[in-house]
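These notes are about the structure you will find just below.
The values are calculated or read from the model by the stated rules, or taken from the named source; none is laboratory data. Bear in mind that the values here come from a model prediction, so they are computed numbers and not experimental data. Don't worry about glycine lacking a Cβ; one is built from the backbone with ideal geometry, like all the others, and counts go over all protein chains shown.
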Amino acid sequence: MVRLERVLRLGVRLLPADRVDYGRALLAELPTIPGDIRSRGVRDGLRFVLREVLLRPAAAAYGFGVAAATSALVVVDQSPSDVANQASLGVLVIAAFVLGGSAPRWAWLSGLALGVSLAAAHAVYQIADIPLGYTMEPGGWAGPVTLLVLVVPAVLAALAGAAVRTVGRQRNVA
Amino acid sequence: VRQREPSPQTRALLVALREEPTGWKHGYDLSRKTGLRSGTLYPVLARLAERGLLEAMWEHAAPEGRPRRHLYRLSAAGAAAAATLANPTANERRLRSTRSAAGLG
């Protein structure tokens, strides 16, 4: 139960701005709820958090954006062109920057998802024995593992996008 | 603009808040009075506040042994809406009876 409460506390931090107070209110009530029904309160709270975080048009649009960006990245990476690596890196950085700016609170997740996507795709190629249109160096499982380095530029670009958006908002308010 | 009938949960909440219109109530108290679980209660509270039917604030000072609570009470518009629910006008009564006769709820 303590673990579930911890998850709930983390989840409340992810709530949209117009729901955060209600999530905190729910947490503030927990100590006063009798023990036998407190666990039910925690589970209900998690349901509230999940619904408010995931079942929103903005969340759906964000999920679609991440899916579209990772798909585009994987398609560009499959090209045998000499400049495909540079193009992939360009798509990665631009997509991470845009997604980070569109959802600053989730910038780390955007960067992580994009950064891991190519490593995951190459892991699938390994498992399914799918031939590539180019020679991967290093070969074997070292290929997907080395691609994890893309997490660094992706997360940095996403955080940069979030920072630009946040500064822009602050200027508009001022 | 099409006015939708409030859900049974919203009705129950408005009725509970109307019992003591000027007093501030907290979530657990409302949950006990209405029987609504927190997963239902808090979204309804948030929607009522968005529509201007509810005022919300945090307790000013944290009492010993527990965190500050978020408190709720009806706004003037909320009190009017709750009163309408309790005493529907003749027109609304007629509309409801027509719907009921037509098997629409």
Result of the Cβ filter at 8 Å on region B:13-35, keeping first residues that are in a loop (DSSP other than H, G, I, E, B) and partners that are hydrophobic (A, V, I, L, M, F, W, C), at least 6 apart or interchain, is B:Pro21/B:Leu74; B:Pro21/B:Ala79; B:Pro21/B:Ala82; B:Trp24/B:Met57; B:Trp24/B:Leu71; B:Gly35/B:Ala12
B:Gly39 fails exactly one of the following numbered conditions: (1) modelled with pLDDT under 90; (2) part of a loop (DSSP other than H, G, I, E, B). What is the number of that condition?
(2)
In region B:1-46, how many residues are surrounded by 15 or more Cβ atoms within 10 Å (Cβ to Cβ), under 21 Å from B:Ala80 (Cα atoms) and charged (D, E, K, R)?
4
Looking only at region A:102-120, count how many residues are farther than 13 Å from A:Val66 by Cβ, of a type in the set (Gly, Ala, Ser) and buried (at least 20 other Cβ atoms within 10 Å of the Cβ).
0
I want to confirm something. Restricting to region A:21-41 and keeping residues that are at the interface with chain B (Cβ under 9 Å from one of its Cβ atoms) and without any contact (Cβ under 8 Å) to a residue 12 or more places away in the chain, which single residue is surrounded by the fewest Cβ atoms within 10 Å (Cβ to Cβ)?
A:Pro31
State all residues of region A:18-38 that are touching a helix residue (DSSP H, G or I) at 6+ places or on another chain (Cβ under 9 Å) and hydrophobic (A, V, I, L, M, F, W, C); if no residue qualifies, say none.
A:Val20, A:Ala25, A:Leu26, A:Leu27, A:Ala28, A:Leu30, A:Ile33
Among (1) more than 11 Å from chain B (Cβ to nearest Cβ); (2) over 22 Å from A:Leu112 (Cα atoms); (3) loosely packed, with under 15 Cβ neighbours inside 10 Å, where does A:Glu5 come up short?
(3)
Answer residue from region B:48-73, given it is within 13 Å of the chain's Cα centre (by Cα) and more than 10 Å from chain A (Cβ to nearest Cβ) and is nearest to A:Arg47 (Cα to Cα) among those:
B:Leu48
Those helices (runs of 4 or more DSSP H) lying entirely in region A:103-174 with at least 1 residues at pLDDT 95 or above
A:107-128, A:151-173
Residues A:Pro80, A:Pro16: which one is touching a Phe, Trp or Tyr at 6+ places or on another chain (Cβ under 7 Å), in a loop (DSSP other than H, G, I, E, B) and either surrounded by fewer than 16 Cβ atoms within 10 Å (Cβ to Cβ) or away from chain B (no Cβ under 14 Å) (or both)?
A:Pro80
Within region A:124-133, is even one residue surrounded by 14 or more Cβ atoms within 10 Å (Cβ to Cβ) and of a type in the set (A, V, I, L, M)?
no
Pull out all pairs, ordered by first then second residue, where Cβ-Cβ is under 7 Å, the residues are six or more apart or on different chains, the first lies in region A:108-125 and is closer than 9 Å to A:Leu150 by Cα, and the second is in a helix (DSSP H, G or I) and charged (D, E, K, R).
A:Leu118/A:Asp77
Subset tally (residues that are within 27 Å of A:Leu54 (Cα to Cα), within 14 Å of another protein chain (Cβ to nearest Cβ) and acidic (Asp, Glu)) for region B:1-47:
0
Quick one: in region A:42-71, which of the residues that are in contact (Cβ under 8 Å) with a residue 12 or more places away in the chain and more than 14 Å from every other protein chain (Cβ to nearest Cβ) is surrounded by the fewest Cβ atoms within 10 Å (Cβ to Cβ)?
A:Ala58
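Here is a yes/no grid of residues against (1) over 23 Å from A:Val12 (Cβ atoms); (2) within 19 Å of the chain's Cα centre (by Cα):
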| site | (1), (2) |
| --- | --- |
| A:Ala96 | yes, yes |
| A:Ser102 | no, yes |
| A:Trp106 | no, yes |
| A:Leu109 | no, yes |
| A:Ala113 | no, yes |
| A:Leu132 | yes, no |
